[in-house]
Each structure stands twice: as C-alpha cells, then as structure tokens.
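Heads up: the structure comes next, in structure tokens.
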Amino acid sequence: MIDTLRLTAEDAIALVERGEATPAELHAAYREAIDARDAELHCYLTLVDSPNGATSIPIALKDIIGTKGVRTTAGSKILDDYVPVYDSTVAERCKTSGLSLLGKTNLDEFAMGSSTENSAYGPSRNPWDPSRVPGGSGGGSAAAVSAGLAPWALGSDTGGSIKQPSSLCGNVGLRPTYGTVSRYGVVAFASSLDQIGPVTKTVRDNALLYRIISGRDPSDTTTVDVPPVEIPAAEDLKGLRVGIPQELNEADGIEPGVAAAVKKAIDLAAQLGADVDTCELPRSVEYGLACYYLIAPAEASSNLARYDGVRFGPRVDANDYYEMVARTRDAGFGDEPKRRIMLGTYALSAGYYEAFYGQAQKVRTVISREFAAAFERFDVLLSPTSPTVAFELGARTRPVPRPALGVIDTLDCS
C-alpha cells in the first residue's frame with residue numbers, strides 16, 4: 001500500500017523509476033486518499049479519473065489554470081460551466097513531462113481572498129485542524145499537498161495566494177519572479193501581478209516542479225529565458241547571504257509562536273554557514289499594501305469586464321443588453337469580486353486615474369528599487385510569511401455587529 005500522506009514527489013518519482021509502482025497505480029493511490037478525506041477537507045472542485053497515458057506522477061492544479069476538456073471555474077459561478085478548448089502553458093508543460101492530472105483545486109473566487117472562504121463552492125479546510133482555514137486564495141492546493149491528496153500542486157500568487165496557504169498548511173510554496181513562468185491560459189486577476197508557482201512538501205520537490213514549468217513561452221510576451229534549475233547536493237548554506245528586514249520581523253501583530261519559529265529558522269541558517277545580517281525596507285512596508293489595493297483591483301476591474309453573459313459563462317435574460325449584463329454579473333459574481341471591481345473601477349475612472357492607479361504605479365517602482373538594493377547585499381530575505389497561524393473558519397467573515405441607533409445618535413460627527 002502506498003502511503004501518500006508521507007510520500008514526497010521526489011520519492012514518488014523514484015518509485016516509478018525503480019519500477020516499484022506504475023504511474024497508474026500512483027494515480028489510483030492518490031484517488032483513494034481523495035475519496036477517503038476530501039469530503040471533509042473540500043480540496044478539489046473537479047476530479048480526473050484517467051492518468052491519460054502518464055509516464056510519471058500525478059499533480060493537482062488550482063482551478064484558475066486552464067485545462068483542455070476539464071472544467072475551469074476560478075471558484076466562481078460565472079464560470080460554472082466553462083470548459084477550455086486548450087491547455088494553459090503550465091498545464092501543457094506538466095502533461096509533456098508525463099504528469100497526470102488528479103483534479104482542479106478549490107480557491108477564493110478569482111483568487112481574491114486569503115482563506116478560501118470566498119469560493120462560490122464552499123470553503124476548504126486545513127488538514128491539521130479542519131475547524132481552521134487552509135489560507136488562500138490557493139487553500140485547496142495547499143491543503144491537498146499537506147493531507148497527502150496530491151504529491152505536489154500548482155497555485156497562483158497575486159498578493160500571497162501561494163505563500164500564505166503554504167505557510168498555514170506547513171508546505172513549501174514559491175511565487176516565482178514575474179516573467180519566469182507563463183501566464184498563458186490562466187484566468188487573469190491582476191495581469192501585472194499574477195504568477196504561477198509550485199506548492200510542495202519539500203524544497204527539493206519545489207525546485208523539481210519549478211524546473212518543469214519555468215522558461216520562455218512565445219504565447220506570453222512577458223516571459224524570459226530562465227537558467228537551468230540546479231538542485232545542490234550539499235546540505236550546508238555556506239556563502240548564502242541572508243537578510244533580515246527589521247520592519248517585517250518586528251511588526252505589530254506577529255504572534256509569539258510565529259516569531260519564535262522564524263528566529264529558529266534564522267539561527268539554523270547561521271548554524272549551516274549562512275551569513276546573516278539585518279536590513280531595512282521602510283517604503284515597501286509602509287506603502288506596499290496600499291499600492292497593492294489600488295493596482296490589483298484596477299486590473300481586476302479591467303480583466304473581469306469580459307464576463308458579461310455574452311462570451312463566457314451563464315446568462316441571465318433581461319429586456320435589453322445592459323440589463324442582461326447587469327443581472328448576469330450580479331448573479332455570477334460573489335461579494336469579494338464585486339467589492340474589488342467597484343474599487344478598481346473607481347480608481348480607473350476619469351479624474352481619479354492619475355491620482356490613484358497612476359500614483360500606485362510610481363510607488364511600485366520605488367518599492368522595486370528598494371528590493372533591488374537589498375538584493376545587491378543579500379541572496380534571500382527572511383521574514384514571517386503570515387503573522388499568525390491558521391485562524392478558525394468564519395472568524396474573519398462574520399458580519400460586524402451594527403451599533404444600536406441610540407448609540408449612533410450620540411456620536412459626535414462634527
């Protein structure tokens with residue numbers, strides 16, 4: 001019997017190469033694990049039965065990654081019946097490498113969220129404690145890998161959607177440098193921020209999957225050539241320069257347990273021979289979040305305009321075109337996409353474009369330069385991925401109680 005819970009992707013590949021398991025047997029083992037536990041965790045939105053002539057191990061893909069002949073919903077009812085007629089580049093590269101598709105994993109609608117509770121198909125759960133969230137937006141991919149329901153998976157990251165759920169589920173998540181992995185065939189959220197990356201049990205697994213998906217793609221003009229990914233045999237970190245951004249490691253709200261775990265990682269890096277020193281990212285920390293919440297919604301407003309009842313998804317009939325579009329979008333989009341569309345449309349509107357979106361683009365350049373300066377001194381920067389551990393389902397989605405009218409009447413609004 002194959003123990004999928006403890007099996008790394010590298011171990012699974014070795015089983016196939018030694019002839020101890022066939023790709024079909026591995027696929028079947030993971031499907032058995034999914035059948036046993038996914039009803040509780042809700043990692044998957046669509047499952048694929050056949051290994052499709054695979055020569056290697058299975059993989060799960062976040063349901064924002066287009067897959068030919070397999071439903072791709074982006075976690076939204078407005079794409080409930082959408083079946084792509086072509087593969088995304090990353091899906092094609094996985095297929096070319098012999099990987100079989102296990103299924104499409106759950107996510108916050110259009111990757112907008114940090115808990116997977118915004119999915120139109122219900123939340124995923126953290127396999128370590130099903131009363132808690134797995135993070136988001138790619139909680140389905142992270143939970144599936146952590147629970148042994150996939151040896152590895154692909155997610156997308158616009159503002160933390162690979163890194164944060166990987167952290168909350170105890171995995172290794174990589175948001176690659178923009179342009180090193182193709183976005184062709186991926187449902188767009190914010191085009192200048194979106195990136196596809198691996199979710200795995202180990203760093204070595206992560207490097208192996210990144211090697212499969214990275215590199216220039218003629219279908220995505222933002223991509224670049226990537227040097228061959230090398231996996232060093234040495235287990236020390238001699239010569240590695242590690243920077244510790246003070247603003248990110250000393251911020252308010254970091255739980256003591258999280259701070260202790262990060263300190264342990266810093267101490268271990270030093271013990272393994274890394275050169276560790278502090279650094280500063282003052283502008284990035286002060287302006288980064290505001291910058292993101294202008295750029296991402298503005299680009300989302302533009303990208304999601306295509307879902308109008310004409311070209312994609314279901315249509316709500318009405319007396320005229322404009323009413324049909326309004327009714328379709330109202331019925332098809334959940335609350336979070338509606339919020340971001342409205343915010344982004346406002347930021348792009350006449351008279352406000354330069355003050356909001358244009359200014360945010362200038363701030364992004366400042367942030368980019370600040371990080372570039374830090375990476376002249378360091379190879380990596382180390383900080384908490386999330387300031388807290390996984391929170392309980394519903395803890396941050398419950399409506400805030402409204403004050404009584406009598407209290408409102410006594411407020412000084414001058």
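No lab work stands behind these numbers, since they all come straight from the coordinates. Small disclaimer: the values here were computed from a predicted structure and weren't measured. Cβ coordinates were reconstructed from backbone atoms using ideal geometry, including for glycine residues, and neighbour counts include every protein chain displayed.
In table form, for the structure just shown:
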| quantity | calculated |
| --- | --- |
| Translational D in µm²/s for the stretch 9-231 (Stokes-Einstein at 4 °C, 1.567 mPa s, Kirkwood Rh from C-alpha pairs) | 78 |
| Of every Cα-Cα pair in the stretch 131-289, the percent that sits beyond 25 Å | 40 |
| Candidates 318, 74, 28: whichever shows maximal mean-square fluctuation once the chain is modelled as a Gaussian network with Cα springs under 10 Å | 318 |
| Relative packing of peptides 15-21, 60-66, 138-144 - highest average C-beta neighbours within 10 Å first | 138-144, 60-66, 15-21 |
| Residue exposure sequence - 335, 320 - by fewest surrounding Cβ within 10 Å | 320, 335 |
| Ranking of 346, 322 by count of other Cβ atoms within 10 Å, fewest first | 322, 346 |
| Lysine pairs within the chain, Cα separation less than 18 Å, 8 or more sequence positions apart or different chains | 12 |
| GNM top mover of 264, 77, 201 - the chain, alpha-carbon springs below 10 Å | 264 |
| Compactness index (Cα Rg / 2.2 N^0.38 Å), the stretch 323-376 | 1.68 |
| Net charge contributed by nearby residues that have their C-beta within less than 12 Å of residue 180 (K/R +1, D/E -1) | +1 |
| Share of alpha-carbon pairs per 5 Å distance bin for the stretch 240-383, given as whole % | 2, 9, 13, 13, 12, 11, 10, 9, 8, 6, 4, 2, 1, 0, 0 |
| Order by protection proxy (mean Cβ within 10 Å, highest first), peptides 105-116, 219-230 | 105-116, 219-230 |
| Bridge type composition, the chain - antiparallel percent by DSSP, nearest 5 | 55 |
| Rg/Rg_ref, the stretch 8-58, where Rg_ref = 2.2 N^0.38 Å and atoms are Cα | 1.20 |
| Kirkwood hydrodynamic radius (C-alpha pairs) into Stokes-Einstein, the stretch 87-218, 10 °C and 1.306 mPa s, D in µm²/s | 111 |
| Size of electric dipole in the chain: Cβ of Lys, Arg +1 and of Asp, Glu -1, about Cα centre, debye, nearest 20 | 460 |
| Inter-centroid distance (Cα atoms) of the stretch 243-306 relative to the stretch 174-238, Å | 20 |
| Environment charge at residue 189 (Cβ cut-off 12 Å; Lys +1, Arg +1, Asp -1, Glu -1) | -3 |
| Value in Å of the Kirkwood radius, where the chain supplies the Cα pairs that are averaged | 22.6 |
| Cβ-based exposure ranking for 353, 292, 307, in which fewest neighbours within 10 Å come first | 353, 292, 307 |
| Quarter of the Cα convex hull surface for the stretch 36-143, i.e. its orientation-mean projected area (nm²) | 6.6 |
| Most mobile listed residue (38, 236, 157) in the chain, GNM with C-alpha springs under 10 Å | 236 |
